[in-house]
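The structure appears right after this line, and notes come after that.
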């Protein structure tokens, strides 16, 4: 008779070693799979090199640090927040409300009224200007002018509060409502015993619905492009974050600083406050917290809310720094969040829930993301046809293989498995 004996190791393998081996083995296994379809290994490793050295890695790096930090808060407390996608979406919606309703006013002008307005703001050739704004919005003073439907029709959006005040208000509301959105499944888990994995996933899709409703109703734009594609007008130029000027990247300085500040705050909270200690103990021994008089149910809700706050601010930053509009989601596989809410789970796991390991883990995952997209560009057509899926598919294969390898390595590091005859 054969029996399998599983025992917990007294001294598990170092977490850093587990993560590094999982990444190396996952990358090599993916290379072997592609090789089986006829893709040369040198082409594959060229894509990896380019993925980690291009400036395009900056945006996924910044947002994976944000979401990795957000999820590490929840995961450390054994609250499995799979809803960062929805919390980002809620942050975007609130940022959109600030940008299109609170911080700006809008007027639709046509015919002679439009001509007279343009002359009043110093436009020398109104007819030529109207032709131009039908292609691309133009900034005149605090007025952002779009092309409207009809002859000589324009849409004028005027900034009614200082840009920095509007941007800060958007971030604040994104933090508040992102936290509220996450606190809902946290409360369901704490007080009704509803599994938070299922509830956070469901709330992602509810958030997608709210996003589509917002983009096609009260946030629907007035410009030609907005009406044709069910989206908001392009964000007022003075509200858009300024680019950092990093070669090959459109990342902005505010996005970078938001990630740095959020990471620093989360790291300080987890490692240097009593709340951080409670979060850690909640994940390993909640009974000890109960014995110490801590309200464990309330603590769980607070943890989820804090996780949602960081994810919410990521959504607002993405609108002001990259998207510049809210457009109805037509393909659930291509959400406006760019799936950072899901990919951030891998970052948190690879970091082994150690907050200081989140940035390097985010760098690795961001590089793997870019690798998959680079393969789409550099692969000859015959290889694409042989594989049967595109660059994003290769990205999913690569990241999925690394994640599966990580899970296996984690089990091996924690447990000794012996076969007895």
Answer yes or no: is there a residue in the stretch 46-56 that is more than 24 Å from residue 359 (Cβ to Cβ) and either out of contact with any strand residue (DSSP E or B) (no Cβ under 7 Å at 6 or more places or on another chain) or without any contact (Cβ under 8 Å) to a residue 60 or more places away in the chain (or both). yes
If the requirement is being crowded, with 20+ Cβ neighbours inside 10 Å and under 30 Å from residue 303 (Cβ atoms), which of these qualifies: 182, 198? 182
Condition check: part of a loop (DSSP other than H, G, I, E, B) and assigned by TED's automatic domain parsing to the domain that holds residue 87. Does residue 228 satisfy that? no
Of all residues in the stretch 243-300, count the ones that are in a loop (DSSP other than H, G, I, E, B) and touching a residue at least 12 places away in the same chain (Cβ under 8 Å). 8
Taking the condition assigned by TED's automatic domain parsing to the domain that holds residue 58, at pLDDT below 90, surrounded by fewer than 17 Cβ atoms within 10 Å (Cβ to Cβ) and on the phi < 0 side of the Ramachandran plot, does residue 334 pass? yes
So which residues in the stretch 376-413 are in a helix (DSSP H, G or I), over 19 Å from residue 343 (Cα atoms) and at pLDDT below 80, if there are any at all? 376, 377, 378, 381, 382, 383, 384, 385, 386, 387
Inspect the stretch 362-371 for any residue being surrounded by 15 or more Cβ atoms within 10 Å (Cβ to Cβ), more than 19 Å from residue 52 (Cβ to Cβ) and either modelled with pLDDT of 85 or more or not assigned by TED's automatic domain parsing to the domain that holds residue 66 (or both) and give the result as yes or no. no
Please determine whether any residue of the stretch 1-10 is surrounded by fewer than 23 Cβ atoms within 10 Å (Cβ to Cβ) and in a helix (DSSP H, G or I). no
List the helices (runs of 4 or more DSSP H) that sit entirely inside the stretch 63-178 and contain at least 3 residues that are surrounded by 18 or more Cβ atoms within 10 Å (Cβ to Cβ), under 29 Å from the mean Cα position of the chain (by Cα) and modelled with pLDDT of 95 or more. 84-97
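The values are calculated or read from the model by the stated rules, or taken from the named source; none is laboratory data. Since the model is a prediction, treat every value here as computed from it, not as a measurement. Neighbour counts are summed over all protein chains in view; Cβ atoms, including those assigned to glycine, are modelled from backbone coordinates with ideal geometry.
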